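Here's the structure we're looking at; comments come further down.
Bear in mind these aren't lab numbers, they're just calculated from the coordinates by the rules spelled out. Every value quoted in this text rests on a predicted model; they were computed, and no experiment measured them. Reconstructed Cβ throughout: ideal geometry from the backbone, glycine too, with neighbour counts over all protein chains shown.
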Amino acid sequence: MTDKKEGGRLTGWQFHTLFKDVEKANEFLAKQGRGPITTDKAYKLSATVVEDFLGRWRPGDSMHTSLVLSYDEETGRLETENTIYWLEGEAGDSLPDLGPAINNIFY
């Protein structure tokens, strides 16, 4: 169990690959006291906000997360380094996988 805050519900979500080699990414993160990543690649997620439990965004706003640590496809539960989110519906396709360029997008 984690003590992270629940960030809310998201839709139209898309993963953006930061690193394909999770083992190397986890070695890097461990040196910083971060991680581990339990997904097949190191991702960030972009999405449209349905509801933000923390009051950071309005419904319909676009956002992207910090580094994704885990994702449960059955429940839609996504854990990032900072927050827990709940993904609704199918993945969106409005953007290609932007890779590390997602870090340069500011909403």
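In whole Å, what are the extents of the chain along the principal axes defined by its C-alpha atoms, from largest to smallest?
37, 32, 27
Roughly how tilted is helix 22-31, in degrees to the nearest 10 and between 0 and 90, from the longest Cα axis of the chain?
80
Testing the spin-label approximation: label points 7 Å from Cα along Cα→Cβ at Ser66 and Ala30. State their distance in nm.
That separation, rounded to one decimal, is 2.1 nm.
Would you order Ile84, Ile37 from fewest to most other beta-carbon atoms within 10 Å of each residue's own beta-carbon? Before the final figure, lay out the partial values.
Working: Ile84 16, Ile37 21.
Least crowded to most crowded, the residues run Ile84, Ile37.
Taking amide H positions as placed in the peptide plane 1.01 Å from N, state which residues far from Gly7 in sequence (5 or more) or on other chains have amide H under 5 Å from it.
Hits under the 5 Å cutoff: Ile84, Tyr85.
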